[in-house]
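Structure record follows, encoded as C-alpha cells.
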Amino acid sequence: MRSSLRRYLLAALATLACAPVFAQLAPAGQPQLDLPRTTLTIGMHRIDTQLATTPEQRQIGLMFRKDMPQHEGMLFVFEQPAVQCFWMKNTLIPLTAAFVADDGSIVNLVDMQPLDEKGNHCSTQPVRYVLEMNQGWFKQRHLAAGSKLRGKPFAAQAAR
C-alpha cells in the first residue's frame, strides 16, 4: 500500500513541476501567439519577432496559423550551433527559413511549402538561429545569404 501511495505522490509532484511549462503552450491544434517578442532589423527593415526558445515552443513553431502579418516572423533559438532541419507539419502558410549564424549573418535561405513533412529544409552549416518569415519576404527585399540581422539575440552572442 505504501509503495503505491508513494508512486502516486511522486507522479502528482512530477505533474505539478511540469505545469509552468505546459501553461505556456498553446492548446492542441491552436497557434501559439503569446510567445515573448523582440524587434530585429535587417537593412532598413524591421521585423516584429516571436521567440521560440524552449523545445516545446520550437516544436510547435508556426503550426496552425492561417496567416501572418508581413512584418512579423518567428526566431527559433537553439542552445548550441548545429545543422538545423525544419519541416512544415501542421503549418498552413508558405514560409522561408533563414538559417542564421551567431553574428546575425544569414547562412542560407530555404522556401518551405505548407504541410510538407519531409524535413529536408536544412542549414548548410551549424547555426543557432532560424528565422521564419512569409515566403518571398526576403526575395522581395533583395536579401540573401550574407545579409545581416541585428537585434538583442545577436548582440548577446557577440558579448560572449
Which order do the peptides 32-38, 46-52, 129-135 take when ranked by the mean count of other beta-carbon atoms within 10 Å per residue, highest first? 129-135, 46-52, 32-38
Residue-span extension gain [Arg141 to Gln80] - 0.36 nm each, minus C-alpha spacing: 19.0 nm
Taking R0 as 22 Å, what's the FRET efficiency between Met63 and Thr124 from their Cβ-Cβ distance, rounded to 0.05? 0.35
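None of the figures in this text is laboratory data; all of them are computed from the coordinates on show. If you're wondering where the values come from, they're calculated on a predicted model, not measured in any experiment. Every residue, glycine among them, receives a Cβ derived from its backbone with ideal geometry; neighbour counts consider all protein chains shown.
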